[in-house]
Ligand code: SF4
Ligand code: SF4
């Protein structure tokens with residue numbers, strides 16, 4: 001009986017041997033046992049480079065919108081954990097990728113980062129089947145009791161104290177933009193945060209510019225964030241970005257009955273209009 005890792009390699013081999021894709025973007029062994037790194041497999045004989053373990057952390061959907069990669073490899077397959085499949089769905093909705101040119105090898109990692117976590121290859125092979133799997137069987141990772149308590153405590157603070165909390169957090173920001181680079185939904189060629197003609201945001205790591213950048217980032221992701229957690233994981237100064245992302249996702253769910261990345265046919269709330277939209281915020 002084959003291991004999940006062997007199964008993953010076999011799937012990649014089949015796609016390359018059948019000339020269905022030009023490249024399989026997956027995880028390879030990193031420079032430490034607890035690290036993995038993206039690998040780009042272009043020949044069936046090289047499929048053994050792929051690994052599947054609890055340290056497959058990056059959201060590889062971020063590579064799907066890289067123009068240099070797409071120019072070289074028009075037909076791509078990616079190894080995608082369940083949240084990353086949601087990213088593929090949003091990228092298709094936003095017409096950033098052609099669904100006919102992307103294949104997804106879905107995997108599940110029960111407890112990312114835990115060396116004892118089970119890892120499996122999902123049996124579904126088409127995007128329709130994978131979306132159905134997300135709707136039927138996928139449970140986004142729940143917060144631990146400690147995380148939940150911290151978020152609830154934060155949300156119950158009076159507005160002035162909450163503002164002070166976030167100001168203190170954003171003061172730490174280095175403006176390294178790792179949160180943006182790792183995010184599959186941040187694919188703009190030119191980011192407003194770094195434009196200088198006109199200059200919308202102060203680009204230096206300065207409290208005012210930091211506040212503007214972090215608020216802009218969070219709102220730009222509202223209704224689009226697929227809860228992969230990469231932004232928070234890669235932030236070098238440990239800003240709790242997921243508290244903001246989750247809060248906005250909950251607002252979008254409650255106001256628009258919408259969760260990003262489950263159905264490619266569904267209209268995105270901020271890219272569409274419906275006669276029965278809640279308009280009570282319009283003055
Ligand atoms: S904002 Fe963070 S959690 Fe949301 S999609 Fe981007 S990287 Fe993932
Ligand atoms: S990763 Fe953290 S420090 Fe870097 S720009 Fe984003 S919020 Fe700021």
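Laid out as a table, the results:
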{"read-out": "Number of the condition not met by residue 203 [criteria: (1) within 12 Å of ligand 2 (Cβ to nearest atom); (2) surrounded by fewer than 19 Cβ atoms within 10 Å (Cβ to Cβ); (3) at pLDDT 90 or above]", "value": "(3)"}
{"read-out": "Flag if residue 228 is near ligand 1 (Cβ under 10 Å from one of its atoms) and under 24 Å from residue 82 (Cα atoms)", "value": "yes"}
{"read-out": "Candidates 164, 160, 218 - the one that is in a helix (DSSP H, G or I), at negative phi, within 11 Å of ligand 1 (Cβ to nearest atom) and at pLDDT 90 or above", "value": "218"}
{"read-out": "Residues of the range 167-183 satisfying the condition of being under 15 Å from residue 238 (Cα atoms), within 16 Å of ligand 1 (Cβ to nearest atom) and part of a helix (DSSP H, G or I)", "value": "169, 170, 178, 179, 180"}
{"read-out": "Matching residues, the range 245-283, being within 16 Å of ligand 2 (Cβ to nearest atom) and either free of Cβ contacts under 8 Å to residues at least 40 places away in the same chain or at positive phi (or both)", "value": "245, 248"}
{"read-out": "Matching residues, the range 238-264, being within 16 Å of ligand 1 (Cβ to nearest atom) and not in a helix (DSSP H, G or I)", "value": "238, 239, 240, 258, 259, 260, 261, 262"}
{"read-out": "Verdict on residue 212 being closer than 30 Å to residue 131 by Cβ and either at pLDDT 90 or above or away from ligand 2 (no atom under 15 Å from the Cβ) (or both)", "value": "no"}
{"read-out": "Search result, residues across the range 154-194 that are within 16 Å of ligand 2 (Cβ to nearest atom) and over 21 Å from the mean Cα position of the chain (by Cα)", "value": "165, 166, 167, 168, 169, 170, 171, 172, 174, 194"}
{"read-out": "Residue 169 surrounded by 17 or more Cβ atoms within 10 Å (Cβ to Cβ), within 23 Å of residue 108 (Cβ to Cβ) and touching a residue at least 12 places away in the same chain (Cβ under 8 Å)", "value": "no"}
{"read-out": "Matching residues, the range 44-67, being modelled with pLDDT under 95, more than 14 Å from ligand 1 (Cβ to nearest atom) and either part of a loop (DSSP other than H, G, I, E, B) or within 18 Å of residue 82 (Cα to Cα) (or both)", "value": "66"}
{"read-out": "Filter pass, residue 267 being more than 16 Å from ligand 1 (Cβ to nearest atom) and either under 29 Å from residue 82 (Cβ atoms) or modelled with pLDDT under 85 (or both)", "value": "yes"}
{"read-out": "Extreme residue, surrounded by the fewest Cβ atoms within 10 Å (Cβ to Cβ), among residues of the range 224-237 that are assigned to a loop (DSSP other than H, G, I, E, B) and without any contact (Cβ under 8 Å) to a residue 60 or more places away in the chain", "value": "235"}
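Residues checked against (1) more than 23 Å from residue 119 (Cα to Cα); (2) in contact (Cβ under 8 Å) with a residue 12 or more places away in the chain; (3) within 21 Å of the chain's Cα centre (by Cα):
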{"residue": "7", "(1), (2), (3)": "no, yes, no"}
{"residue": "20", "(1), (2), (3)": "yes, yes, no"}
{"residue": "39", "(1), (2), (3)": "no, yes, yes"}
{"residue": "44", "(1), (2), (3)": "no, yes, no"}
{"residue": "48", "(1), (2), (3)": "no, yes, no"}
{"residue": "59", "(1), (2), (3)": "no, yes, yes"}
{"residue": "73", "(1), (2), (3)": "yes, yes, no"}
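The values are calculated or read from the model by the stated rules, or taken from the named source; none is laboratory data. Computed from a prediction, not measured in an experiment: that's the story for all the values here. Positions of Cβ are generated from backbone atoms using ideal geometry, with glycine treated the same way; all protein chains shown enter the neighbour counts.
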